[in-house]
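Worksheet for the structure shown next.
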Amino acid sequence: MLKEKEYIMWLSGLSRISHGKKDRLLQIFGSAENIFKAPPSGFEKFKWLTEANSADLTQNRNADSLKKYAERVYSMGIDYIIKGDGYYPEILREVYNAPFGLYLRGDKNTLLDKKVSMVGTRQATPYGISAALKLAEDFAAAGITVVSGMADGIDSASHRGALKGKGRTIAVLGCGVNVCYPKTNEGLMRKIIENGCVISEYPLDERANARYFPERNRIIAGLSMAVVVVEANEKGGSLITANLAVDSGREVFAVPGNINARASKGTNGLLKEGATPITEARDAFFAIGIDEEEAKKPPEEKITLENKDKMVYDCINSGEISLDEIIIKTGLDIAEVQLILLSLEMGGLIRRLPASRYACL
């Protein structure tokens, strides 16, 4: 039986309908399932839908085909995270045109980590590569997950630095999660999946497309409270990401560069416009939400929970919260949540407050 997330898969995959129109339809119909099942005449009254839009909505909705597609997704070990899931990062909801859903390969718990986004030019200099590797390695060593786009240059160096630091990393793709772009990063993609996750809003098999990269940049910017631009030309995707970060209330950091280097024109320009300079990872700790003492703790001192236990703990760790709020945020049933709460309480990680509220110790 199809669920709302499968209907979201279908709606998100209608590439000729804008995100804004899809969002408007969801507000009108209440769910993607209702849109899927609406009669063709149900769309005729909306003058803002073109004939092509209406055709997509009515001709591309075969329940059997959708079921087979969803089965294929899950059989490949791919998760699909929608806004109603506990794994959908709250911080990402704040972004303009936040994705309706995300395909994910790897550990979905990574989405709940404290994160920093790192971006930069594909035509990186040795200096830029070295800076990205060092910063990412130090972020990872401090327990911060590194988010980037898996492109050549600074992106790839950022992922590799996080892996070198024995940390976790997230790659946001401008193609389907079963497609590797660039092809030369197949080995890196496997390591990212083993030590984090790769995510995309685009359907399986979707090839890389030039117009997808600016779109995916809003996700890179939206997943973290801080965006670090390592090297950037005067124009390009890195500056788009920086602007999106500012629009979403994130702090933008820039690595100072050689004033004569083309690859530093963008970052030095950001510094002139008010971006915060960064020369070491700890410069961004406060913006990410950790203090230096926390970052200095060895890995064995950090709390390590798995799957559903971590979902519940992270809800409580964000601030005092009620049982009902935990159930809504995680999507788990009440009996399961109560068992997890009891386990966390007995383990000395949380405490119960009056009126069925909980807080971390």
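Assorted remarks:
- At full extension, M1 and S318 could sit 110.6 nm farther apart than now, given 0.36 nm per residue minus the alpha carbon distance.
- Partners for K68 among lysines (Cα-Cα distance below 18 Å; same-chain residues under 8 apart left out): K3, K5, K37
- More than 24 angstrom apart: percent of Cα pairs within the stretch 1-93: 22
- Positive-end extreme of charge dipole, the chain - chosen from W10, Y313, F43 (charges on Cβ): F43
- Taking only the Cα atoms of the stretch 40-146, the radius of gyration and Dmax are 20.3, 60 Å.
- Accessible area per residue for the chain, computed on protein heavy atoms with a 1.4 Å probe, is 48 Å².
- Per-selection Kirkwood Rh - the chain (Cα, Å, 1 d.p.): 21.6
- The chain: relative contact order as a whole-number percent, Cα under 8 Å and 6+ apart: 14
- When shorter helices are ignored and each DSSP H run of at least 4 residues is given -39500 (n - 2.57), the per-residue value for the chain at 222 nm works out to -12500 deg cm²/dmol.
- Charges were assigned to the Cβ only: +1 to each Lys and Arg, -1 to each Asp and Glu. The resulting dipole of the stretch 38-136 about its Cα centre is roughly 240 debye.
- A simple charge model with +1 on the Cβ of Lys and Arg, -1 on the Cβ of Asp and Glu and nothing else charged puts the dipole of the chain at about 900 debye relative to its Cα centre.
- Approximating the spin labels as points 7 Å out from Cα along Cα→Cβ, the K235-to-F286 distance works out to 3.7 nm.
- Taking only protein heavy atoms and a 1.4 Å probe, the accessible area of the chain is 50% carbon and sulfur.
The values are calculated or read from the model by the stated rules, or taken from the named source; none is laboratory data. Predicted model only: the values in this text are computed from it and were never measured. Neighbour counts run over all protein chains shown; Cβ positions are idealised from the backbone, glycine included. Ligands, DNA and RNA are stripped out before the accessible areas are found, and what is left, the full protein with its side chains, is counted by its heavy atoms. Shrake-Rupley method; radii C 1.70, N 1.55, O 1.52, S 1.80 Å.
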